[in-house]
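A.B. asks: Take this structure, written in C-alpha coordinates, and hold onto it; I'll ask about it next.
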Amino acid sequence: MTLSLPIDAEANQLLSTDPLALLIGMVLDQQIPLEKAFSSPLVLSQRLGHAPTAVELAEFDPEALIAIFAKPPALHRFPKAMAVRVQEVCRALVDRYDGDAAQLWAGAEDGSELLKRVASLPGFGKQKSQIFVALLGKQYGVQPAGWREAAGGYGVEGSYKSVADIVDEQSLGKVRAYKKEMKAAAKA
(Lines give C-alpha, C1' and ligand atoms only; values in the text may rest on other atoms or scores of the structure.)
Protein backbone atom coordinates (compact mmCIF):
# COMPACT_ATOMS: atom_id res chain seq x y z
CA MET A 1 0.00 0.00 0.00
CA THR A 2 1.16 3.51 -0.68
CA LEU A 3 0.22 6.16 1.82
CA SER A 4 -0.44 9.63 0.52
CA LEU A 5 -0.54 11.83 3.59
CA PRO A 6 0.08 15.52 2.90
CA ILE A 7 3.78 15.19 3.77
CA ASP A 8 7.05 14.77 1.89
CA ALA A 9 6.95 11.96 -0.71
CA GLU A 10 10.01 10.31 0.84
CA ALA A 11 8.30 10.27 4.25
CA ASN A 12 5.18 8.71 2.70
CA GLN A 13 7.35 6.09 0.98
CA LEU A 14 9.00 5.14 4.27
CA LEU A 15 5.63 4.89 6.04
CA SER A 16 4.30 2.75 3.17
CA THR A 17 7.20 0.30 3.18
CA ASP A 18 8.35 0.19 6.80
CA PRO A 19 5.76 -0.97 9.35
CA LEU A 20 7.90 0.26 12.24
CA ALA A 21 8.03 3.76 10.74
CA LEU A 22 4.22 3.76 10.47
CA LEU A 23 3.89 2.65 14.09
CA ILE A 24 6.40 5.28 15.27
CA GLY A 25 4.42 7.94 13.39
CA MET A 26 1.30 6.83 15.23
CA VAL A 27 3.13 6.87 18.59
CA LEU A 28 4.20 10.46 17.90
CA ASP A 29 0.73 11.54 16.72
CA GLN A 30 -0.33 13.43 19.82
CA GLN A 31 -0.13 17.09 20.75
CA ILE A 32 1.62 17.98 17.48
CA PRO A 33 0.37 18.35 13.89
CA LEU A 34 0.02 14.99 12.18
CA GLU A 35 2.33 16.16 9.40
CA LYS A 36 5.13 16.49 11.97
CA ALA A 37 4.30 13.18 13.65
CA PHE A 38 4.29 11.17 10.43
CA SER A 39 7.32 12.96 8.96
CA SER A 40 9.45 12.33 12.06
CA PRO A 41 10.18 8.63 11.29
CA LEU A 42 11.99 9.78 8.14
CA VAL A 43 13.92 12.42 10.10
CA LEU A 44 14.84 9.77 12.69
CA SER A 45 16.10 7.50 9.90
CA GLN A 46 18.13 10.35 8.43
CA ARG A 47 19.70 11.15 11.80
CA LEU A 48 20.63 7.52 12.33
CA GLY A 49 21.83 7.08 8.74
CA HIS A 50 19.39 4.20 8.16
CA ALA A 51 15.87 3.05 8.97
CA PRO A 52 16.07 1.66 12.51
CA THR A 53 14.80 -1.70 13.62
CA ALA A 54 12.71 -2.26 16.72
CA VAL A 55 15.58 -4.26 18.23
CA GLU A 56 17.99 -1.40 17.61
CA LEU A 57 15.69 1.18 19.21
CA ALA A 58 14.80 -1.13 22.10
CA GLU A 59 18.48 -1.55 22.93
CA PHE A 60 19.51 2.06 22.19
CA ASP A 61 21.15 4.02 24.98
CA PRO A 62 18.17 5.97 26.39
CA GLU A 63 20.05 9.26 26.82
CA ALA A 64 21.49 9.03 23.30
CA LEU A 65 18.03 8.37 21.88
CA ILE A 66 16.63 11.38 23.75
CA ALA A 67 19.44 13.50 22.30
CA ILE A 68 18.54 12.33 18.78
CA PHE A 69 14.87 13.16 19.36
CA ALA A 70 15.74 16.56 20.89
CA LYS A 71 18.21 17.69 18.21
CA PRO A 72 16.75 20.77 16.50
CA PRO A 73 14.30 20.61 15.00
CA ALA A 74 13.05 18.19 17.65
CA LEU A 75 11.09 15.16 16.45
CA HIS A 76 8.27 16.03 18.83
CA ARG A 77 7.14 18.82 21.09
CA PHE A 78 8.08 16.56 24.02
CA PRO A 79 11.24 14.86 22.72
CA LYS A 80 12.28 13.18 25.98
CA ALA A 81 8.86 11.66 26.70
CA MET A 82 8.41 10.53 23.10
CA ALA A 83 11.89 9.00 22.86
CA VAL A 84 11.06 7.01 25.98
CA ARG A 85 7.64 6.02 24.58
CA VAL A 86 9.08 4.90 21.21
CA GLN A 87 11.66 2.83 23.06
CA GLU A 88 8.93 1.25 25.23
CA VAL A 89 6.88 0.36 22.15
CA CYS A 90 9.95 -1.13 20.47
CA ARG A 91 10.70 -3.20 23.57
CA ALA A 92 7.12 -4.51 23.49
CA LEU A 93 7.58 -5.43 19.81
CA VAL A 94 10.80 -7.27 20.64
CA ASP A 95 9.19 -9.11 23.57
CA ARG A 96 5.96 -10.07 21.78
CA TYR A 97 6.63 -10.04 18.04
CA ASP A 98 10.36 -10.78 17.60
CA GLY A 99 10.92 -7.09 16.85
CA ASP A 100 8.76 -7.19 13.72
CA ALA A 101 6.17 -4.40 13.76
CA ALA A 102 4.16 -6.06 10.98
CA GLN A 103 3.60 -9.06 13.27
CA LEU A 104 1.51 -6.75 15.45
CA TRP A 105 -1.23 -7.02 12.85
CA ALA A 106 -0.24 -10.05 10.78
CA GLY A 107 -2.44 -13.03 11.48
CA ALA A 108 -4.92 -11.19 13.68
CA GLU A 109 -8.02 -13.40 13.48
CA ASP A 110 -10.42 -10.49 13.52
CA GLY A 111 -10.74 -6.80 14.22
CA SER A 112 -11.30 -7.37 17.91
CA GLU A 113 -8.00 -9.24 18.25
CA LEU A 114 -6.22 -6.59 16.20
CA LEU A 115 -7.57 -3.84 18.43
CA LYS A 116 -6.55 -5.80 21.53
CA ARG A 117 -3.00 -6.22 20.20
CA VAL A 118 -2.64 -2.53 19.38
CA ALA A 119 -4.19 -1.45 22.69
CA SER A 120 -1.62 -3.56 24.56
CA LEU A 121 1.18 -1.24 23.40
CA PRO A 122 2.48 1.44 25.78
CA GLY A 123 0.64 4.71 25.24
CA PHE A 124 -2.14 3.26 23.10
CA GLY A 125 -5.46 3.97 24.75
CA LYS A 126 -8.82 3.13 23.21
CA GLN A 127 -9.02 6.11 20.83
CA LYS A 128 -5.43 5.89 19.59
CA SER A 129 -5.81 2.13 19.12
CA GLN A 130 -9.03 2.54 17.14
CA ILE A 131 -7.44 5.21 14.95
CA PHE A 132 -4.47 2.93 14.22
CA VAL A 133 -6.77 0.00 13.37
CA ALA A 134 -8.67 2.34 11.02
CA LEU A 135 -5.40 3.55 9.47
CA LEU A 136 -4.27 -0.04 8.94
CA GLY A 137 -7.60 -0.98 7.38
CA LYS A 138 -8.24 2.07 5.24
CA GLN A 139 -4.73 2.78 4.00
CA TYR A 140 -2.51 -0.23 4.70
CA GLY A 141 -4.81 -3.03 3.53
CA VAL A 142 -4.96 -4.77 6.91
CA GLN A 143 -8.61 -5.79 6.99
CA PRO A 144 -9.40 -8.79 9.16
CA ALA A 145 -13.10 -9.50 9.60
CA GLY A 146 -14.72 -6.87 11.82
CA TRP A 147 -11.91 -4.32 11.57
CA ARG A 148 -14.32 -1.45 10.87
CA GLU A 149 -16.39 -2.29 13.94
CA ALA A 150 -13.24 -2.58 16.08
CA ALA A 151 -12.13 0.86 14.84
CA GLY A 152 -15.45 2.36 15.98
CA GLY A 153 -16.40 5.64 14.34
CA TYR A 154 -12.90 5.88 12.83
CA GLY A 155 -13.60 2.80 10.71
CA VAL A 156 -16.66 4.27 9.01
CA GLU A 157 -16.10 4.85 5.30
CA GLY A 158 -15.76 8.56 4.54
CA SER A 159 -15.90 9.59 8.20
CA TYR A 160 -12.98 12.06 8.03
CA LYS A 161 -12.27 11.79 11.74
CA SER A 162 -8.57 10.91 11.84
CA VAL A 163 -5.33 10.34 9.98
CA ALA A 164 -6.90 7.13 8.65
CA ASP A 165 -8.98 9.25 6.25
CA ILE A 166 -6.30 11.68 5.09
CA VAL A 167 -5.05 11.21 1.55
CA ASP A 168 -4.65 14.83 0.41
CA GLU A 169 -5.05 18.46 1.47
CA GLN A 170 -8.84 18.35 1.01
CA SER A 171 -9.31 15.34 3.29
CA LEU A 172 -6.88 16.90 5.77
CA GLY A 173 -9.14 19.97 5.87
CA LYS A 174 -12.18 17.80 6.56
CA VAL A 175 -10.43 16.00 9.42
CA ARG A 176 -9.22 19.29 10.91
CA ALA A 177 -12.76 20.71 10.69
CA TYR A 178 -14.12 17.62 12.49
CA LYS A 179 -11.51 17.91 15.25
CA LYS A 180 -12.23 21.63 15.68
CA GLU A 181 -15.94 20.82 15.96
CA MET A 182 -15.26 18.16 18.61
CA LYS A 183 -13.08 20.54 20.65
CA ALA A 184 -15.79 23.20 20.52
CA ALA A 185 -18.43 20.68 21.61
CA ALA A 186 -16.21 19.53 24.50
CA LYS A 187 -15.86 23.11 25.74
CA ALA A 188 -19.61 23.75 25.56
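A.B. asks: Work out Dmax and Rg for segment 1-86 from the C-alpha atoms and quote the Rg first, both in angstrom.
C.D. replies: Reported Rg and Dmax, both Å: 11.8, 35.
A.B. asks: Treating the Cα atoms of segment 39-116 as identical point scatterers in vacuum, please give the log10 of the normalised Debye intensity I(q)/I(0) at q = 0.12, 0.20 Å⁻¹, two decimals.
C.D. replies: -0.38, -0.87
A.B. asks: Further, regarding this structure: Taking N as the number of residues in segment 101-188, what is its Cα Rg relative to 2.2 N^0.38 Å?
C.D. replies: Taking the Cα Rg and dividing by 2.2 N^0.38 Å, one obtains 1.11.
A.B. asks: Rolling a 1.4 angstrom probe over the protein heavy atoms, how many square angstrom per residue are accessible across segment 1-99?
C.D. replies: I get 45 Å² per residue for this part.
A.B. asks: With a 1.4 Å probe and every protein chain kept in, tell me what percent of the accessible surface of the chain is carbon plus sulfur.
C.D. replies: Of the solvent-accessible surface of the chain, carbon and sulfur hold 53 percent.
A.B. asks: Please sort by residue number the GluC sites (Glu not before Pro) in segment 95-188 whose DSSP state is loop and whose Cβ has at most 14 other Cβ atoms within 10 Å. Show your work: numbers first, answer last.
C.D. replies: Values: sites: E109, E113, E149, E157, E169, E181; in loops: E109, E157.
Answer by residue number: E109, E157.
A.B. asks: Let me ask you something else. Let me have the 222 nm mean residue ellipticity of the chain computed from DSSP H runs of 4+ only, each contributing -39500 (n - 2.57), with the sum over all residues rounded to the nearest 500.
C.D. replies: For the chain, the value works out to -18500 deg cm²/dmol.
A.B. asks: Please name which of P52, F78, I68 has its Cα lying farthest along the dipole of segment 11-103 towards the positive end, using unit charges on Cβ (Lys, Arg +1; Asp, Glu -1) and the Cα centre as origin.
C.D. replies: F78
A.B. asks: Rank-order 58-64, 182-188, 118-124 by packing density, defined as the average count of other C-beta atoms within 10 Å over each peptide's residues, highest first. Working shown, then result.
C.D. replies: Values: 58-64: 13.0, 182-188: 8.0, 118-124: 17.4.
Ranking, from highest mean packing down: 118-124, 58-64, 182-188.
A.B. asks: Something else about it: Given the C-alpha centroids of segment 142-178 and segment 46-73, what is the distance between them in whole angstrom?
C.D. replies: 30
A.B. asks: Excluding S129 itself, calculate the net charge of residues whose Cβ lies under 11 Å from the Cβ of S129, where each Lys or Arg counts +1 and each Asp or Glu counts -1.
C.D. replies: Summing Lys/Arg as +1 and Asp/Glu as -1 gives +4.
A.B. asks: List the extent of the Cα atoms of segment 27-74 along each of their three principal axes, largest first, rounded to whole Å.
C.D. replies: So the three principal-axis extents are 28, 18, 18 Å.
A.B. asks: Okay, next question. For segment 138-188, just run the numbers: alpha carbon Rg, then divide by 2.2 N^0.38 Å, N being how many residues it has.
C.D. replies: 1.25
A.B. asks: Please list log₁₀ I(q)/I(0) at q = 0.10, 0.18 Å⁻¹ for the chain, using the Debye equation with identical point scatterers on the alpha-carbon positions.
C.D. replies: -0.37, -1.25
A.B. asks: Right, here's the next one. Take every Cα pair under 8 Å in segment 12-151 that's 6+ residues apart, average their separations, divide by the length, and report that relative contact order as a whole percent.
C.D. replies: Numbers: 178 pairs, mean separation 27.5, N = 140.
Relative contact order here is 20 percent.
A.B. asks: Give me the 1.4 Å probe accessible area per residue for segment 119-168, excluding ligands and nucleic acids, in Å².
C.D. replies: About 38 Å² of surface per residue is accessible.
The values are calculated or read from the model by the stated rules, or taken from the named source; none is laboratory data. Keep in mind the model is a prediction, meaning the values are calculated, not measured. Counting neighbours? That spans all protein chains shown, and the Cβs are built from the backbone with ideal geometry, glycine included. Just so you know, the surface numbers come from the protein's heavy atoms only, side chains and all, with ligands and any DNA or RNA stripped out. Shrake-Rupley method; radii C 1.70, N 1.55, O 1.52, S 1.80 Å.
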